[in-house]
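These notes concern the structure reproduced below.
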Amino acid sequence: MKIYTKTGDVGETSLFGGRRVLKSELRIDAYGTVDELNSWIGLLRDVSTDTKQKELLKEIQDRLFTLGSSLAADPQNAKLKTPDLHESDVELLEKTIDAMDLQLEPLRNFILPGGHVHVSYCHIARTVCRRAERLCVALHHSSEIPLIAIKYLNRLSDFLFTLSRKMAKDLGAEEMNWLPRK
């Protein structure tokens, strides 16, 4: 299989199912942003030294491929079968957030991203996740997508925020509170 086909040279691509669409369409932007998020999660996995965390991040990457395949599928082709996200995928994130939260000081202020390069990677992944979520919300209003996709991305951004705090603690990095000027 060749990596290049030349079929996209005029700004079009194929949805899963074969229908050609413009690369600028919202659906393409949504699954492209999920792909970008997946790359940031891969970077987080690469810098992690915690085996369980690496395994969880790999599972999240798998779920993001599942989500991306759902978004890349032609909604006009009812015969297409793609893997599904499950409520248990959201619950895993929630349980992990709760477990990390137990190890952290209560949140009393907004936190400025940064403090350590690994923490910053986590915050970048979080903001890309929020962008993917916004794009999926917009797509949902014009086309068919599974609502669990939005729910998963919402919870994933919460997970990434909590992970950034946990990483800061584990790395001994100072958490910088945002204190507005008076």
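The values are calculated or read from the model by the stated rules, or taken from the named source; none is laboratory data. All values derive from a computational prediction rather than experimental measurement. Note that each Cβ is placed from the backbone with ideal geometry, even for glycine, and that neighbours are counted across all protein chains shown.
To keep it simple, each residue is scored yes or no on (1) crowded, with 21+ Cβ neighbours inside 10 Å; (2) in contact with a helix residue (DSSP H, G or I) (Cβ under 7 Å, 6 or more places away or on another chain); (3) in contact (Cβ under 8 Å) with a residue 12 or more places away in the chain.
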residue: R134; (1), (2), (3): no, no, no
residue: A138; (1), (2), (3): no, yes, yes
residue: H141; (1), (2), (3): no, no, no
residue: E144; (1), (2), (3): no, no, yes
residue: K151; (1), (2), (3): no, yes, yes
residue: F159; (1), (2), (3): yes, yes, yes
residue: L163; (1), (2), (3): yes, yes, yes
residue: M167; (1), (2), (3): yes, yes, yes
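Within segment 1-23, the set of residues being surrounded by 11 or more Cβ atoms within 10 Å (Cβ to Cβ) and either at pLDDT 95 or above or part of a loop (DSSP other than H, G, I, E, B) (or both) comprises G8, L15, G17, R19, K23. On inspection, R126 fails the criterion of being crowded, with 17+ Cβ neighbours inside 10 Å, touching a strand residue (DSSP E or B) at 6+ places or on another chain (Cβ under 8 Å), in a helix (DSSP H, G or I) and not hydrophobic (A, V, I, L, M, F, W, C).
The residue pairs whose first member lies in segment 90-101 and is under 14 Å from M167 (Cα atoms) and touching a residue at least 40 places away in the same chain (Cβ under 8 Å), whose second member is assigned to a helix (DSSP H, G or I) and charged (D, E, K, R), and whose beta carbons are closer than 8 Å, counting only pairs six or more residues apart or on different chains, are I97/R155; I97/D158; M100/R165; M100/K166. Exactly one residue out of F110, F65 is surrounded by fewer than 16 Cβ atoms within 10 Å (Cβ to Cβ), touching a residue at least 12 places away in the same chain (Cβ under 8 Å) and touching a Phe, Trp or Tyr at 6+ places or on another chain (Cβ under 7 Å): that is F110.
Screening segment 68-100 for residues that are in a helix (DSSP H, G or I) and among the hydroxyl-bearing types (S, T, Y) and picking the one that is surrounded by the most Cβ atoms within 10 Å (Cβ to Cβ) gives S70.
The single residue among L37, L26 that is surrounded by fewer than 19 Cβ atoms within 10 Å (Cβ to Cβ), within 21 Å of L147 (Cβ to Cβ) and among the hydrophobic types (A, V, I, L, M, F, W, C) turns out to be L26. Of everything in segment 128-158, what is of a type in the set (A, V, I, L, M, F, W, C) and touching a Cys at 6+ places or on another chain (Cβ under 9 Å)? Give them in sequence order. Listed by number, the residues that qualify are I145, A149, I150, L153, L156.
Against the definition (out of contact with any helix residue (DSSP H, G or I) (no Cβ under 6 Å at 6 or more places or on another chain) and among the acidic types (D, E)), how does D46 come out, yes or no?
So D46 fits the description; yes.
Residues in segment 115-145 that are within 19 Å of the chain's Cα centre (by Cα) and not hydrophobic (A, V, I, L, M, F, W, C): H118, S120, Y121, H123, R126, T127, R130, R131, E133, R134, H140.
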